[in-house]
Amino acid sequence: MALCIASAAGVAKIAAAAFTLSWTHSAEKTRWEEDWIIANGALQISEARVEGSGAGMEPGIQSRFDGRSWRWKPQTQPLRELRLTQSAGNSDGWTLCANGACRTIGGARHAELVLSACKD
């Protein structure tokens, strides 16, 4: 399994079957994290976490507070691709962690990234 990250600069490939994507919400300035798995050529979110609620970031159904974040398991269909677009209020990009290593992706204002399962 591998994750492909496409941008205007090209495509980066990360050998991983799972990854965590996190960022700071542009309005609320709180952390949002999502755990994803790559299976059957698609991306599937397995858990989401947010430090607080407000401005379009309400915790999901059956969420629970762990002392730091609200956690829940989103009930969504697998995605062929996940499109990330930088907002005007936040130019820090996203943090992508896989296989014990983290890196910043994005960060260019209004730049788009497309995450997908790499085709073999």
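The values are calculated or read from the model by the stated rules, or taken from the named source; none is laboratory data. On a predicted model such as this, the values are computed, not experimentally measured, just so you know. Don't worry about glycine lacking a Cβ; one is built from the backbone with ideal geometry, like all the others, and counts go over all protein chains shown.
Does the range 1-11 hold any residues that are more than 15 Å from the chain's Cα centre (by Cα), outside any loop (DSSP other than H, G, I, E, B) and in contact (Cβ under 8 Å) with a residue 12 or more places away in the chain, and which are they?
Across the range 1-11, the qualifying residues are ALA2, SER7.
Could you identify the single residue in TRP23, TRP32 that is within 14 Å of the chain's Cα centre (by Cα), at pLDDT below 90, surrounded by 14 or more Cβ atoms within 10 Å (Cβ to Cβ) and within 16 Å of ARG103 (Cβ to Cβ)?
Numbers: TRP32 fails: within 16 Å of ARG103 (Cβ to Cβ).
Step by step, each of TRP23, TRP32 is checked, and only TRP23 is within 14 Å of the chain's Cα centre (by Cα), at pLDDT below 90, surrounded by 14 or more Cβ atoms within 10 Å (Cβ to Cβ) and within 16 Å of ARG103 (Cβ to Cβ).
Among the residues of the range 66-86, is any of a type outside the set (D, E, K, R), under 19 Å from ALA2 (Cα atoms), modelled with pLDDT of 95 or more and not in a loop (DSSP other than H, G, I, E, B)?
Yes, that holds for at least one residue.
Return the total of residues in the range 38-51 being among the hydrophobic types (A, V, I, L, M, F, W, C) and buried (at least 19 other Cβ atoms within 10 Å of the Cβ). Walk me through it before giving the result.
Step one: list which residues in the range 38-51 are among the hydrophobic types (A, V, I, L, M, F, W, C), which gives 38-39, 42-43, 45, 48, 50.
Now narrow it down to the ones that are buried (at least 19 other Cβ atoms within 10 Å of the Cβ): 38, 43, 48, 50.
Here the count works out to 4.
Taking the conditions exactly as written (modelled with pLDDT under 95, within 18 Å of ILE105 (Cα to Cα) and surrounded by fewer than 13 Cβ atoms within 10 Å (Cβ to Cβ)), does GLY54 satisfy them or not?
It is false that GLY54 is modelled with pLDDT under 95, within 18 Å of ILE105 (Cα to Cα) and surrounded by fewer than 13 Cβ atoms within 10 Å (Cβ to Cβ).
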